[in-house]
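K.L.:
This is the structure I want to talk about, given as structure tokens.
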Amino acid sequence: MTEPTTRRRVLWLLPAAAAWAAVPSFADAAVPAPKGFLLRDVRIFDGRRVIERGSVLVAGGHIVAAGRLPRMDHPVVYDGHGRTVLPGLIDSHVHSYPEGRADALRFGVTTELDMMNDPAMIPAARAQRRSARKTTTADLWSAGNGISVPGGHPVNAGWEMPRVTAETNIPRFIAERAAEGSDYIKFVSEPGGASFPLPTLTPRQIEQVIAAAHRLDLLAVGHAEKRSVFLHAVEAGTDGLVHVFWDVEATAADVRLVARNGAFVVPTLSVIDFGVGALELLADRRITPWLSPEQEYFLSQIPAPRPELLRVAMANVRKLHEAGVPILAGTDAPVRANAYGVSMLMEVTHLTRAGLSPAEALTAATAAPAHHFGLTDRGRIAPGLRADLVLVEGDPTSDITALRDIHTIWKNGHPVDRTPPSARASPPRAGVGPAGTGG
Ligand SMILES: [Zn+2]
């Protein structure tokens, strides 16, 4: 968000390396690698559809079979009575750090899509997501360096981010991002507001960025929160927008344009809610026992309420969804009142309040991002896919908040230790760490 440019400058707290150093590594614990397991008599949400009663067989970190399976025995059986199993959640908008990816995983987010960050983390992220080994952190895809201008959003990325000037050869610039390992290209179209105008890419530059990404077979996704720049990005052929615009309600013509173009939208309502969701999460006993100090700290940074923004953003999500625009769930964590992992449980709730059915909101957090970002080994429960699974009490396809009542998370077929790292010395202080990324 934009105002949030200022907001984030103050409140981006990550990652004071020293504060994070005490995160315990469950990977080091003496837990033998399981030979797999059978989850029996469980409601299955496979990413798109519900099977009211079935089984999931896992071995070697992958799903071997799922659905209405013949009765079988297995040395390790989980009882699914009264429970629902879902694919591990995919957060389609974060700015990630390895330590925060442990917090994400403890709340069922098994994959994060980073929307601008230091590309130095990409090689390790690629190695992890190709492996089926036990891990304590969510897997990561990343845009790496974002495409923005000097002085533009993010004003201070927190690392040395190259910028586009009037002289930049944009195809070459995009090829450099591809060479760094960017999984997709993230551009920023952010003119700021009346009280804090920002330099930004020209419309012509955005068109060149999108075309250059497509020539390299990379998706181009954009930060655009204002109607005018959002619609321009759509017209220029962007594959997706990673916020919904919230300055004004979409007209019928706007909605038709987005639907016709085929762009997906990651609304990030949990940022635009200005703390509404954080307060709800902090009052939920299904959530609070599992929060790390960092998650609790971020959720507790409640800004002054601005309910009109959320109302407009939700109206736009409703209209876009009704027109068939693919909606993906993402949080933009970590920012004020918004934390890794846990805020995804709020984002899907927001999406249902904006008009998606609970099952549609769950698809937005699983199969839809896997489809649009080409993550072929995850996002659904199907034979051959990675055994990233979340088992919850009750039925989140009828009550979305049941997603908060997590029984077991499996990453690569291994159960995840949800114990929060509570013995942290002290929460990070405002102003520590890289300032002002996001977007
Ligand atoms: Zn962002």
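K.L.:
If you check every pair at least six apart or on different chains, which have Cβ atoms under 9 Å apart with a residue in segment 213-225 that is assigned to a loop (DSSP other than H, G, I, E, B) first and a residue that is aromatic (F, W, Y) second?
P.N.:
Hits for this filter: L218/Y184; L219/Y184; L219/F373; A224/F187; A224/F230; A224/F245; E225/F245; E225/W246.
K.L.:
Within segment 74-101, how many residues are more than 16 Å from the ligand (Cβ to nearest atom) and either in a strand (DSSP E or B) or more than 13 Å from the chain's Cα centre (by Cα) (or both)?
P.N.:
Summing the residues that are more than 16 Å from the ligand (Cβ to nearest atom) and either in a strand (DSSP E or B) or more than 13 Å from the chain's Cα centre (by Cα) (or both) in segment 74-101 gives 17.
K.L.:
Look at P383 and say whether it is at pLDDT below 95, more than 16 Å from the ligand (Cβ to nearest atom) and more than 18 Å from the chain's Cα centre (by Cα).
P.N.:
It is false that P383 is at pLDDT below 95, more than 16 Å from the ligand (Cβ to nearest atom) and more than 18 Å from the chain's Cα centre (by Cα).
K.L.:
Now, a different point. Out of (1) away from the ligand (no atom under 14 Å from the Cβ); (2) out of contact with any helix residue (DSSP H, G or I) (no Cβ under 8 Å at 6 or more places or on another chain), the odd one out for I122 is which?
P.N.:
Only one criterion in (1) away from the ligand (no atom under 14 Å from the Cβ); (2) out of contact with any helix residue (DSSP H, G or I) (no Cβ under 8 Å at 6 or more places or on another chain) is unmet by I122, namely (2).
K.L.:
Among the residues of segment 102-115 satisfying the criterion of being charged (D, E, K, R) and within 16 Å of the ligand (Cβ to nearest atom), which is surrounded by the most Cβ atoms within 10 Å (Cβ to Cβ)?
P.N.:
E112
K.L.:
Then there's this: Within segment 371-396, take every residue that is acidic (D, E) and within 16 Å of N412 (Cβ to Cβ) and give me the one that is surrounded by the most Cβ atoms within 10 Å (Cβ to Cβ).
P.N.:
Applying the filter and picking the extreme gives D388.
K.L.:
Now a separate question. Hey, could you check segment 239-256 for residues that are aliphatic (A, V, I, L, M) and closer than 20 Å to V188 by Cα and say which is nearest to the ligand (Cβ to nearest atom)?
P.N.:
At the first step, the residues of segment 239-256 found to be aliphatic (A, V, I, L, M) are 241-242, 244, 248, 250, 252-253, 255.
Retained after the next criterion (residues that are closer than 20 Å to V188 by Cα): 241-242, 244, 248.
On the way: L241: 12, V242: 6, V244: 13, V248: 21 Å.
Result: V242.
K.L.:
Continuing with the same structure: Of everything in segment 240-280, what is surrounded by fewer than 23 Cβ atoms within 10 Å (Cβ to Cβ) and in a helix (DSSP H, G or I)? Give them in sequence order.
P.N.:
Correct list: A252, A253, D254, V255, R256, L257, A259, R260, N261, V276, L279, E280.
K.L.:
Which of the residues spanning segment 394-408 are under 15 Å from L362 (Cβ atoms) and either polar (S, T, N, Q) or not in a loop (DSSP other than H, G, I, E, B) (or both)?
P.N.:
Looking only at segment 394-408, we keep the residues that are under 15 Å from L362 (Cβ atoms), and these are 394-406.
Within segment 394-408, T397, S398, I400, T401, A402, L403, R404, I406 qualify.
K.L.:
If only one of R177, R163, R126, R204 is assigned to a helix (DSSP H, G or I) and either over 24 Å from the mean Cα position of the chain (by Cα) or hydrophobic (A, V, I, L, M, F, W, C) (or both), which one is it?
P.N.:
Only one candidate qualifies: R204.
K.L.:
Shifting gears a bit: Please determine whether any residue of segment 116-123 is surrounded by 24 or more Cβ atoms within 10 Å (Cβ to Cβ) and more than 24 Å from R49 (Cα to Cα).
P.N.:
yes
K.L.:
Can you work out which of the residues in segment 330-377 that are over 13 Å from the mean Cα position of the chain (by Cα) and on the phi > 0 side of the Ramachandran plot is nearest to the ligand (Cβ to nearest atom)?
P.N.:
A337
The values are calculated or read from the model by the stated rules, or taken from the named source; none is laboratory data. Only a predicted model underlies this, so the values are computations on that prediction, with no experimental measurement involved. No Cβ is skipped: glycine too gets one built from the backbone with ideal geometry, and neighbour counts run over all protein chains shown.
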